[in-house]
1. How many residues, within region C:103-144, are part of a loop (DSSP other than H, G, I, E, B), in contact (Cβ under 8 Å) with a residue 40 or more places away in the chain, more than 15 Å from the chain's Cα centre (by Cα) and more than 14 Å from chain A (Cβ to nearest Cβ)?
2. Cβ-Cβ below 6 Å, separation at least six or inter-chain, first residue in region B:113-129 and over 14 Å from residue B:368 (Cα atoms), second among the hydroxyl-bearing types (Ser, Thr, Tyr): which pairs?
3. Of the residues B:425, B:395, which is small (Gly, Ala, Ser) and under 25 Å from the mean Cα position of the chain (by Cα)?
4. Can you pull out every residue in region A:124-138 that is assigned to a loop (DSSP other than H, G, I, E, B) and more than 14 Å from chain C (Cβ to nearest Cβ)?
5. Do the conditions hold for residue C:281, that is, is it modelled with pLDDT of 95 or more, surrounded by 24 or more Cβ atoms within 10 Å (Cβ to Cβ), closer than 18 Å to residue C:125 by Cβ and not hydroxyl-bearing (Ser, Thr, Tyr)?
6. Please determine whether any residue of region B:154-177 is out of contact with any Leu (no Cβ under 6 Å at 6 or more places or on another chain), touching a residue at least 12 places away in the same chain (Cβ under 8 Å) and within 14 Å of another protein chain (Cβ to nearest Cβ).
7. Please state which one of B:497, B:534, B:538, B:545 is outside any helix (DSSP H, G or I), closer than 27 Å to residue B:622 by Cβ and in contact with a helix residue (DSSP H, G or I) (Cβ under 9 Å, 6 or more places away or on another chain).
8. Check every one of the strands (runs of 3 or more DSSP E) wholly within region B:24-99 and list those with 1 or more residues that are within 14 Å of another protein chain (Cβ to nearest Cβ) and either in contact with a strand residue (DSSP E or B) (Cβ under 6 Å, 6 or more places away or on another chain) or on the phi < 0 side of the Ramachandran plot (or both).
Amino acid sequence: MFDAHDITLTVNGKPVRASVDARMNLADFLRKDLKLTGTHVGCEHGVCGACTVLVDGASVRSCLMLAVQADGRSIETIEGVAGAGELHPIQAALARHHGLQCGYCTPGVIMTLRELDHDRAGGTLSEDDIRAALSGNLCRCTGYQGMVDAALELFGPAAAP
Amino acid sequence: MTELPKTQADPHLRWIGRNAPRVEDDVLLRGGATFLDDIAMPEALEATFVRAPVAHGLIRGMRLEAARALPGVNAVLAFADLRAVLTTDRIPLALPAGGLRFDVDPPCLAIGEVCYVGEPVVLIVANSRRIAEDAAALVELDIEPLPAVVDPVAGLEPGSPKARLDTPDNLVARTKVDYGDIAAAFEGPAHLVRETFRLNKGGGHPMEPRGVLARYDALEDRLTIWDSTQMPHRAKAMLVASLGLSEHQVRVVTPDVGGGFGTKAVFHPEELAIPAAAMLLQRPIKWVEDRFESFTASIGERDQVWTVEAAFETDGRLRGIRGHLRYDHGAATPYGIALPFNAATNLIGPYVLPAYRMDIDLCLTNKTPAAPTRGAGRPQGTFVMERLLDRAAAGLNIARDEIRRRNMIVPAQMPYTIPVKQRDGSMMVYDSGDYPQCQSKALDVAGWQDFPERQAKARAEGHYIGLGLANYVEATGRGPFESVGISIGPSGKVVVSSGATAQGQGVKTMLAQVVADVLGLEPASIHVVVGDTSATASGLGAYASRQAVTAGNAAFAAATMLVDKARKAAAELLEAAEADVEIHNGMLQVKGVPGHGRSLQQIARALAGTPGFALPGNLPPGLSAASDFMTSGLSYTNGCHLAEVEVDPETGGVKLNRYVVVHDCGRMINPMMVEGQILGGVVHGIGMTLFEWMRYDAEGQPLTVTFADYLLPTSDVVPRVEIYHLESPTPLNPLGVKGAAESGTIGAPSAIVSGIEDALRHLNVRIDTLPLTPPQLRRLVRAGART
Amino acid sequence: MKAPAFRYHAPRSIAEAVALMSTLENARVLAGGQSLMPMMNLRVAGPDHLVDLGRIAELNGIAEDEHGLRIGAMTSQRAIEKSLLVATICPLLAEAIAHVGHQQTRNRGTIGGSLCHLDPGAELPVVAAALDIMLTAAGPTGSREIAFRDFPADYLTSSLEPEEILTHIHVPRQPPRSGSAFLEFNRRPADFAILSVATTLTLDEAGRIARVAIAVGGASYRPMRLDAAEAALTGQLPNAEALADAAAIAGTLPCDGDDLYPADYKQDLCAVLVRRTLTIAASRAQENAHV
């Protein structure tokens, strides 16, 4: 059974029209149909956070959202963070603090930190705040410390103006 | 061999010893990497497996018609279908191992009998994964259940059912570690400690599961396999043997790999089934393991049951340890018997153990086969020794640090030989290290001396804090060799290729740093190719914390040879004496005559040859060099971990407040990346101690098949890990490096458990099981409170 | 694993949604999808139709009314977490919701979805039980009110009829001199609770407990109210002895256990968390009494 639905959405600032099977989840749609393979699939159970993208600015597990539910929404994926230009400050800080190793969880981590940066609205975050925010992104390589340090550099007390 | 100076602060070294930015990061940060499932091959079909739903049973029949009839399904294949392109029934995985009574090589799809839940039985190939899974739901397996073996102790009892009908019994191997006069050690007055320890199963669980993409090119009669593996050359060997091809017909490539941790070292059945199907169907086929499959079909380990006793002098010095280790090997032997042997030998640790006898029995069970997972048996052995030391310290009223100090091997004893024969036939020799200093530094950093005061103050305020201590060693840099080739063609590009493989460790950066130093270049300018069997004829890959040791030194040797050749050619071209030519910023120039020189590219062009003209100095053509660094022994990394914990005795909850590591892996090529390895290792060890437990029920059904049930440590439960280094370079290789990838995992369980026992010392809590769950701890608290 | 095939419907009104649920065979409501989608991706749930409530505007929003709060069933957990109204009028809900999953799941997960799914480890049903919230459900014959105590029917099953949908949640305003607390025990902070306790109490002018509600999650398929402990506390001063007595009663609550978390362990947790939540709630009530 193929239950086709036409959808119109914005992905990384660009309009997209597509016809999708109802059961296609957003992660698979981004990866297979739009060839945006930077969004990774780590569990398909909504637990690991590798597939995190922003939907209208809010972080979501793209494996738990249907592509058809993205109709009319604005999606940001890792490919939209810096494009081909200079790395975004979050990306650069992750590299500086060795906040990534294999890099599989990294796009999801960056999307979580993007939302955190927006939500803090210029405020200062503690290490506990940052650790709580990152707790929905599993990483097997880094022990999280490099990511936490990268976020502390950008959002922590030392970064306050 | 050229020997580098022994101190890190070497002004001649621009890159080795520095935190060079990783060459891997940019593309990973942008989401532009190519992991297996990212490979664009629109013509590839997608596959799934129907897997054994029971732990043990006989396949009486299978109904495949409905699945075959589903639109979009290309093939539904059982073993008999694939056998047409296979040379043998079983994958020839067996490693030579003393003590192995029989090999249990797995087939790529079950033949008549299923021996663990998750064993692949039927392969479905379809236009998409969704359709393949729809078809899988239509397959009916008629399986006659057989009794399952789920416990390695019960499985070795007489009268136990057999885990496999094709083996004589469940005792797949019996071996021992045995030296010194163990009977004498237990004679006469001594302080005896007797314990039973049970360590339970966990896994590697890389964030990217396994995956294989195979394409058979009929025109070239050549098979290319993209495989998310740590060991592509071994995968190639398995494919060549199993498919009856010659070496030139098989290429195995690793794309970007999202973590390994041992899970991707062993060749799994799917790595043969998918290429075999691609040959049979003459279509490219991709299979990407999903997380559910990963929990049931990927290897794991750590199930061990130890009954041990230790004899101590009354001053706390060890006289001997003896006991029995029973080990759950799962349903096959994909990696010999390395795990229990590692466990038993790593028990010795940094201590003088005069007599030792450990009898080791390996039991086949109806669980996913066991193979090395970060630490590879060593955390368990270390756990046993460290627990025994804590028990003796308490019994003899000696401080925990002091009993360790009294037993430690001291630097003057290095190299220190332990009369235990290893896999390669050599004796166990600790090459270097200063164990007392390592512990002493860790105690200082963690505030060991003042801790009892802090502990008493916290307790007065209702907080139960404890400080745990553990020492360990790790045999790293396992051989026999690793390959590195360096070539500079007329383009001037420096290409380094190696049999080493990368799963996140920063192998490319590490190799680039070493080569950059020798060639006087920037690491970012060096192109490193790893994980491609067409780029290096031989190689081994990632296992046993070995690649900085083996590939790092191979790169150093190859780069040195390449510079020697370039110098000879430059001397010829510059009409200078070879001894007067030096390399600087990629230029070969005459000393004292800046600007008078040739670039590496110019030399490469000259050595590429011109038709009819002689090569400079009649040197052999090409500016390239290759080295297979062959190890002359294992280099022993060591460390001391201190874990400060807070226990909630009312709930059994444990919080990690602070974690200190003092680590010695010899010279560090990139300290930032070494620390990344230690951090990840420690957190894996935290998981093993408090969270991760691959559980099965009494019938062998796995109970933890999602990340919601199998708990990985998250950012909000791990502490900040403070890392300090000692650098005792090993004399066993020119760079003086030792491995660092698994060390963090080895020390963590022992340190954390020691801290928990310290926090609850007033209740005499003794922990003998891993992982430690809150209900278990609560039970121990209640039992302690009653006494 | 990929979800099995189904047909997708996105009604724009409650009436349209109810009509779909009344006519379609083997249909399931899709709220935030944070529990249903994983079950479908594991192929343990396979509805033929999904009726997505996400496009029904009237199901979304938080408003104050004469009784307290009126929350649309499709309001996201994240919106509740960020709501000043919720923090002011129902601090217990605000406190508990921070324990619900991760930010990425709270962004999609809804209050109605969580209440209907009734996971024994979930936090929101426990709060609902403690607060005696009322629910509004819409069906083919109109709307009806359901007291939360009558809502759970079985494991992971509410008492909604198959064609009914939950539309609104009514959270009562707490009287003056009230205090509440939510605590749970789990292995990692964002996990489902092994055991959770929501407590709310109101003091009389003499500082005695006029009214107390204690709800426990994780002990059974449904949140349990500790009637005996509540009765024992009523009329008492909230001193350590009274709270310890209540905790002792809580420690006898029959609990469903398994190999990993045995019943007696859950009873231990129950006693501890009841004592701790009572202590916090009483102290908050005393603070509120002095404002």
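The values are calculated or read from the model by the stated rules, or taken from the named source; none is laboratory data. If you're wondering where the values come from, they're calculated on a predicted model, not measured in any experiment. Note that we place each Cβ from the backbone using ideal geometry, even for glycine, and neighbour counts take in every protein chain shown.
1. Step one: of region C:103-144, the residues part of a loop (DSSP other than H, G, I, E, B) are C:107-109, C:118-123, C:132-133, C:140-141.
After this cut, where a residue has to be in contact (Cβ under 8 Å) with a residue 40 or more places away in the chain as well, the list is C:108-109, C:118-123, C:132, C:140.
After this cut, where a residue has to be more than 15 Å from the chain's Cα centre (by Cα) as well, the list is C:108, C:140.
Next, from what is left, pick out any that are more than 14 Å from chain A (Cβ to nearest Cβ): C:140.
So the count comes out to 1.
2. Short answer, once both residue conditions are applied: B:124/B:48.
3. Numbers: B:395 fails: under 25 Å from the mean Cα position of the chain (by Cα).
None of the others qualify; the one that does is B:425.
4. Let us first name the residues in region A:124-138 that are assigned to a loop (DSSP other than H, G, I, E, B), namely A:124-126, A:135-138.
Within region A:124-138, A:124, A:126 qualify.
5. Details: modelled with pLDDT of 95 or more: yes; surrounded by 24 or more Cβ atoms within 10 Å (Cβ to Cβ): yes; closer than 18 Å to residue C:125 by Cβ: no; not hydroxyl-bearing (Ser, Thr, Tyr): yes.
So residue C:281 does not fit the description; no.
6. no
7. On the way: B:497 fails: in contact with a helix residue (DSSP H, G or I) (Cβ under 9 Å, 6 or more places away or on another chain); B:534 fails: in contact with a helix residue (DSSP H, G or I) (Cβ under 9 Å, 6 or more places away or on another chain); B:545 fails: closer than 27 Å to residue B:622 by Cβ.
That would be B:538, the only listed residue that is outside any helix (DSSP H, G or I), closer than 27 Å to residue B:622 by Cβ and in contact with a helix residue (DSSP H, G or I) (Cβ under 9 Å, 6 or more places away or on another chain).
8. On the way: elements: B:45-51, B:57-63, B:73-77.
The qualifying strands (runs of 3 or more DSSP E) are B:45-51.
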